[in-house]
1. Which residues, taken from region 175-192, are assigned to a strand (DSSP E or B) and among the aliphatic types (A, V, I, L, M)?
2. Suppose we keep only residues that are surrounded by fewer than 24 Cβ atoms within 10 Å (Cβ to Cβ) and small (Gly, Ala, Ser) within region 133-153. Which one would you say is nearest to residue 55 (Cα to Cα)?
3. Take the residues in region 49-83 that are modelled with pLDDT under 95, part of a loop (DSSP other than H, G, I, E, B) and of a type outside the set (S, T, N, Q); name whichever of them is surrounded by the most Cβ atoms within 10 Å (Cβ to Cβ).
4. In region 21-48, what residues are buried (at least 16 other Cβ atoms within 10 Å of the Cβ), outside any strand (DSSP E or B) and touching a helix residue (DSSP H, G or I) at 6+ places or on another chain (Cβ under 9 Å)?
5. Can you find, within region 84-121, the residue that is surrounded by the most Cβ atoms within 10 Å (Cβ to Cβ) among those that are charged (D, E, K, R) and closer than 20 Å to residue 185 by Cα?
6. Within region 219-237, identify whether any single residue is in a strand (DSSP E or B), closer than 15 Å to residue 27 by Cα and over 13 Å from the mean Cα position of the chain (by Cα), and answer yes or no.
7. Tell me, yes or no, whether region 131-147 has at least one residue that is touching a Ser or Thr at 6+ places or on another chain (Cβ under 8 Å) and among the aromatic types (Phe, Trp, Tyr).
8. Kindly indicate whether residue 170 is in a loop (DSSP other than H, G, I, E, B), of a type in the set (Lys, Arg) and either surrounded by fewer than 21 Cβ atoms within 10 Å (Cβ to Cβ) or over 17 Å from the mean Cα position of the chain (by Cα) (or both).
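The values are calculated or read from the model by the stated rules, or taken from the named source; none is laboratory data. It should be emphasised that the depicted structure is a prediction, and the values quoted were computed from it without experimental measurement. Cβ sites come from the backbone with ideal geometry, for glycine too, and all protein chains shown count toward neighbours.
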Amino acid sequence: MKRIQFILISILFSIQSNAQTPATIGPEKGSLIIIGGGNVGPEIWSKFVELAGGVTNANIVIVTTADDDSSISRGASVEKDALLKLGVQQISFLHTRDPKIANTEDFIAPLKKATGIWFRGGRQWKLADAYLRTLTQKAFNEVLERGGVIAGTSAGATIQGSFMVRGDTKGNTIMIGDHTEGLDFIHHVTIDQHHLKRNRIFDLVDVIKSHPDLLGIGLDESTAIVVQKDTFQVIGVSYVAIYDIDQINGQSKGPRELNSSSGPFYFLGRGQKFDLKLRKITR
């Protein structure tokens, strides 16, 4: 019976993806916070709690599937500590590597009341293997549909895109590997993280050349974008890089103040906004 249910869910996701053209690049309702890894500062935490309904109303589910530390799934994490310090009381954890478990009503019960989801870092392909085309993926999207927020750092950032880089099971230096499908909370976008800190600034160029329909977004550590519908805003302490095929091919030029070389990408800093549909900075 469970096998039949899993097949039906897979067919439903396939039909929906083929039949529906997203009205917006980001979520039509709700928000995303996509973080480049490293230390998550107070500005990012405060924005997450605010978008989750505020300290009193926030009901947070922390997804630990990408992480290798088994103690995390038992309730010990820096995320929980940070949320408790802010005054959030309703915090639960979600962890499995088995898509059959992820496809059960019992497993998704915490998500039914969630106003915010936080994806920990680790390896993003583990999230894909566990949750793609399951009831859990459907429940993630329902949090957004209720106006909630989904946040993720490092692997939890990359999994939010439609095309997943660094998803190869042999190692995270392989940009296009054996796992490339993300959870698609933000459409036609691929996301890289630890961008400046780990000297990854040119790694997305060849990805966009081979998939020119995609927009590439590279996030440095301690930096995030807050995505609502077709717009994102940069928060945090460092920079976000934009990779677009026209920029790479020299057919357009980014803002000179952050890209004086007119190279294959350009940077956005704290407070700047970007139109995902037009692929331009919002002045």
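1. Selection gives 186, 189, 191.
2. Among residues in region 133-153 that are surrounded by fewer than 24 Cβ atoms within 10 Å (Cβ to Cβ) and small (Gly, Ala, Ser), the one nearest to residue 55 (Cα to Cα) is 147.
3. Taking the candidates together, the pick is 67.
4. Answer for region 21-48, where residues must be buried (at least 16 other Cβ atoms within 10 Å of the Cβ), outside any strand (DSSP E or B) and touching a helix residue (DSSP H, G or I) at 6+ places or on another chain (Cβ under 9 Å): 27, 30, 36, 37, 40, 45, 48.
5. Only one residue tops the list, namely 120.
6. Yes, region 219-237 contains a residue that is in a strand (DSSP E or B), closer than 15 Å to residue 27 by Cα and over 13 Å from the mean Cα position of the chain (by Cα).
7. So far as region 131-147 goes, yes, one or more of its residues are touching a Ser or Thr at 6+ places or on another chain (Cβ under 8 Å) and among the aromatic types (Phe, Trp, Tyr).
8. yes
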